[in-house]
1. How many residues, within segment 121-143, are more than 9 Å from the ligand (Cβ to nearest atom), more than 23 Å from residue 42 (Cβ to Cβ) and surrounded by 15 or more Cβ atoms within 10 Å (Cβ to Cβ)?
2. From the list 174, 118, 147, 106, exactly one residue is assigned to a helix (DSSP H, G or I), within 30 Å of residue 66 (Cβ to Cβ), more than 12 Å from the ligand (Cβ to nearest atom) and touching a helix residue (DSSP H, G or I) at 6+ places or on another chain (Cβ under 9 Å). Which is it?
3. Those residues that are surrounded by fewer than 16 Cβ atoms within 10 Å (Cβ to Cβ), more than 16 Å from the ligand (Cβ to nearest atom) and in contact (Cβ under 8 Å) with a residue 40 or more places away in the chain, I need them from segment 177-222; list them, please.
4. Does residue 158 satisfy the criteria of being more than 12 Å from the ligand (Cβ to nearest atom), assigned to a loop (DSSP other than H, G, I, E, B) and either modelled with pLDDT of 95 or more or buried (at least 16 other Cβ atoms within 10 Å of the Cβ) (or both)?
5. Contact list please: Cβ distance under 6 Å, first residue in segment 446-469 and modelled with pLDDT under 85, second residue surrounded by fewer than 18 Cβ atoms within 10 Å (Cβ to Cβ) and outside any helix (DSSP H, G or I), pairs at least six apart or on different chains.
6. For segment 401-512, list the helices (runs of 4 or more DSSP H) that sit wholly inside it and hold at least 1 residues that are touching a helix residue (DSSP H, G or I) at 6+ places or on another chain (Cβ under 6 Å); which are they?
7. Is there a residue being under 17 Å from the mean Cα position of the chain (by Cα) and at pLDDT 95 or above anywhere in segment 359-377?
8. Check whether at least one residue in segment 319-335 is under 12 Å from the mean Cα position of the chain (by Cα), in a loop (DSSP other than H, G, I, E, B) and at pLDDT 95 or above, and report yes or no.
Ligand code: HXC
C-alpha cells in the first residue's frame with residue numbers, strides 16, 4: 001500500500017514531467033533559435049505568479065506510429081488563466097518542445113475547453129502559437145481538433161477579445177484560428193504564417209520565395225494585412241499584448257477600462273493652430289493631432305505598416321479608451337483605397353463590438369482612381385467601411401481638418417450615417433470634389449484659362465470651407481484647432497450613455 005508520502009511524490013513527479021515539456025535538450029534548441037519556451041512566454045505575458053494551469057496532465061490518446069510509447073503530460077500545449085494588470089485573461093501556449101507543438105485531438109480539446117470557459121467567464125483569450133501544425137500521426141482527429149477550435153473562435157468573436165501571437169511556425173489550415181481572432185502579433189525573423197509553404201509553391205507555380213518573404217512578420221504587417229503588430233522578439237510581443245489588452249473591455253457587455261489620468265481635459269495646443277497648411281496640396285502629419293489630443297500624447301497604433309494613408313489605433317481621452325480612425329494626408333494625400341478601407345472597416349467593427357467610442361479624423365481627397373482599384377473591387381471594399389461606420393452604434397465623433405470630398409465625406413462617419421457630433425476646423429473643405437476637378441467638369445466646354453481660373457476661385461470660395469455644411473447642420477460646430485482635445489472630450493462625455501437599437505434581424509450582410 002502506498003503511503004501518503006508516495007502519493008505526494010507521484011504528484012510532484014507528474015508536475016515536474018509536465019513542466020519540463022520536451023526536455024532540456026529541446027528547450028536549449030528553442031533558446032538557440034531565439035525563442036522562449038511556452039512557459040517563459042506565459043510568465044512574461046501575465047502578472048507575476050498569476051498563472052493557473054488547467055489540464056497540465058492531459059495526454060494524447062494516439063496508438064499509431066508508436067505514439068503510445070511517447071506521452072508527455074500536457075501534450076504540447078499549456079492552457080489556463082492569469083491576470084494582466086490585475087484583470088482576468090485566459091491563455092494557451094503551444095509548446096514547440098513537445099512533438100513540435102503540434103495539434104492532437106487531446107490538446108485541441110484543452111484549447112476548446114479553455115475558450116468555452118473564457119466565454120462563460122467573459123474574459124479575453126490570448127493564443128501563443130508556435131507549432132508544426134496538425135499532428136500527422138493523428139490524421140483526421142487533428143483536423144477535427146482544428147475545426148473545433150475554429151468554431152470556438154467564431155462563437156467567441158464579438159463576445160470576448162481574442163488576440164493571437166505568432167512566435168514560430170504557423171502553416172496550413174493552422175493559420176485560420178489566428179485569422180479568426182481580432183489581432184495578430186508576429187515576431188521579427190522567428191515567426192511565419194502561410195497556407196502553403198515555399199516548396200509547394202515552387203512545385204505548383206514555379207515561384208521561388210523564402211519563408212520570410214512569403215509569410216514573415218513584415219510581409220503580413222505591410223503587404224497582406226493579415227497581421228496587426230510586430231514585436232522585435234518574444235518579450236516585446238508579450239509586452240505589446242499587455243498594452244493592447246489595457247484598452248479593451250473583458251467582454252462585449254462591459255465598458256472599456258477607465259484609468260486614472262492627470263492630463264488636463266482643458267489642455268489647449270497652440271501648435272495645432274497652424275498645423276494645416278494654407279496650400280491645400282501640401283501634406284502634414286495627422287499623427288500630430290492624434291497625439292496632441294490623447295492623454296499624455298499616448299497613441300497605440302494598430303497596423304502601422306499597412307495602408308498608411310489610414311491610421312487606426314487606440315488612445316485614452318480623459319482616462320477612457322477610444323478607437324481612432326484617421327486619414328493620413330502625409331501618405332498618398334490620405335486617399336481611400338481598397339487596403340485602407342478594409343483596414344479601417346475591420347477596426348471600426350472591432351470597436352463597435354466592444355463598446356469603444358470612435359473618433360474619426362478626416363482629410364481625404366476621395367477614393368483612389370484607377371483600373372487596379374476598380375478591378376480589385378474598390379466598390380465592394382469601400383462599401384465595407386461605409387457599412388461598418390453606418391452600423392456602429394458606439395458614440396461616433398468626427399472632426400474634419402481639411403478635405404472631405406465626395407463619397408469619402410459620406411463614408412467617414414458623416415452626420416448622415418450616424419455621427420453623433422461632427423466638428424470641423426475653419427480649414428475644412430467639404431464638397432463633391434476639389435475646385436480644379438469640379439471646374440474641369442462643369443466648365444468642360446469653356447476653354448479660356450482666365451474663365452477657368454476665376455471659376456476655380458469662385459468654387460473655392462463657395463465650397464472649400466466648412467460653412468455650407470455648418471449652415472445645413474451637417475457640421476455641429478466649427479472649432480479652433482487649439483481646443484481640439486477639450487471639444488472631443490466634451491463630445492465623448494456627452495455621448496457616453498448613448499443607446500441605439502436596430503431592427504430585429506439575424507445579421508446584416510456586409511459586402512465581404
Ligand atoms: C508530427 C511533427 C510535425 C507534425 C513537426 N513535428 N511537425 N510531428 N506532426 N506536423 C515534430 C518533428 O518530427 C520533431 O520531432 C519536432 O516536431 C520538431 O520538429 P523539427 O522538424 O525538428 O523542427 P524544425 O527543424 O524547427 O522544423 C519545424 C517545422 C518542421 C518547420 C515545423 O517540423 C515541419 O515542416 N513540420 C511539418 C509541418 C507540416 O507540414 N505540418 C502540417 C501542416 S498542414 P522530434 O521528435 O524529432 O523532436 C496542417 C493542416 C491543418 O497543419 C489543417 C487545419 C484545418
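The values are calculated or read from the model by the stated rules, or taken from the named source; none is laboratory data. Because the structure is a prediction, the values reported are computed rather than measured. Every residue, glycine among them, receives a Cβ derived from its backbone with ideal geometry; neighbour counts consider all protein chains shown.
1. So the answer is 1.
2. Working: 174 fails: more than 12 Å from the ligand (Cβ to nearest atom); 118 fails: within 30 Å of residue 66 (Cβ to Cβ); 147 fails: more than 12 Å from the ligand (Cβ to nearest atom).
It is 106.
3. Across segment 177-222, the qualifying residue is only 218.
4. On the way: more than 12 Å from the ligand (Cβ to nearest atom): yes; assigned to a loop (DSSP other than H, G, I, E, B): yes; either modelled with pLDDT of 95 or more or buried (at least 16 other Cβ atoms within 10 Å of the Cβ) (or both): yes.
Yes, satisfied.
5. none
6. 406-411, 435-442, 449-463, 484-494
7. yes
8. No, because not a single residue in segment 319-335 is under 12 Å from the mean Cα position of the chain (by Cα), in a loop (DSSP other than H, G, I, E, B) and at pLDDT 95 or above.
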